[in-house]
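All remarks here apply to the structure that follows.
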Amino acid sequence: MWTEEELINICEICYRYNVFIISDEIHFDLIMPGYRHTSLATFEEKYLLNSAVCTSPSKTFNLAGLQCSNIFIPDENRRRLFNKAKGFFTLNAFAYPVTISAYRHCEDWLTQLINLVNSNKTLVENFFGEKIKKEVVYDLQGTYLQWIDFNFLGMDNKALEKFMNESAYIFPSQGYAFGTGGSGFVRLNLACPGGVIKDALTRLDKALSELKM
């Protein structure tokens, strides 16, 4: 998570050099216990006018099918240019009431989701801590997407993908798809029942034991 001080420093640098900020905060509701999200929308006016803040209920409440999102553009001129460029689309009839209901009535559900993701995170951390004994699981501070470093296997990206899919029967997002910095990593979705994660880790354990490492 970016701290408020770090974000202010970034905003100040961008303001000074006239760099417009697009702040993608689509996962802003999904924060793990002990951490806090700071939105650019809470900063002083000079930074607000130099930014657009993007949010959506889709990740938090699994509403991607409604294609509903929000873009806050405080600067009137930039907002007008955005609309002129066909950047605004009318939402479908279901999006409005469902989004309102989600934010008004589903806080308990969100709390349960965060607790579930946090529990699954612990399962993954314990597995790699006990079986691999290497620091390969990145600290998950927000979202339900756990990054895991498999470079210790010494495989190239295609070999790692084949190993995950055909030996462990796990189909995570492959890190290389996100750029060269993701090479050797996988991104595992933790927003699922704990039993699914346990089964996946059992298959991974078996596949790893069959490797000649």
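Bear in mind that the values in this text are calculations on the coordinates, not laboratory data. Here the structure is a predicted model, which is why all the values come from computation and not from measurement. We place every Cβ from the backbone using ideal geometry, glycine too, and count neighbours over all the protein chains shown.
When each of the peptides 9-19, 121-131 is scored by the mean number of other C-beta atoms lying within 10 Å of its residues, the order from highest to lowest reads 121-131, 9-19.
Across all Cα pairs in region 111-158, the calculated P(r) in 5 Å bins from zero up to the longest distance comes to 5, 20, 27, 20, 15, 9, 3, 1 percent per bin. In this rough spin-label picture, where each label sits 7 Å from Cα along the Cβ direction, the Glu166-Lys134 distance is 2.2 nm. In this structure, the pairs whose alpha-carbon distance is over 24 Å, taken from Lys59/Lys206; Lys133/Lys198; Lys158/Lys206; Lys121/Lys206, are Lys59/Lys206.
Stokes-Einstein diffusion of the chain at 10 °C, 1.306 mPa s viscosity, Kirkwood radius from Cα pairs, rounded to a whole number: 80 µm²/s. Projecting the Cα positions of Cys192, Val117, Phe150 onto the charge dipole of region 108-209 (unit charges on Cβ atoms of Lys, Arg, Asp and Glu, taken about the Cα centre) puts Phe150 furthest along the positive direction. Rg and Dmax over the alpha-carbon atoms of region 40-97 stand at 13.1, 36 Å.
Helix 107-131 axis versus longest C-alpha principal axis of the chain: approximately 40°, rounded to the nearest ten.
For the chain, the relative contact order is 17 percent, taking Cα pairs closer than 8 Å that sit 6 or more residues apart in sequence and dividing their mean separation by the residue count.
Kirkwood hydrodynamic radius of region 67-152, from the reciprocal of the average inverse Cα-Cα distance over all distinct pairs: 17.0 Å. When all alpha-carbon pairs of region 4-105 are counted, what percent fall beyond 22 Å? Cα-Cα pairs in region 4-105 separated by more than 22 Å: 40 percent. Normalised by residue number, the volume inside the convex hull of the Cα atoms of region 99-193 is 121 Å³ per residue.
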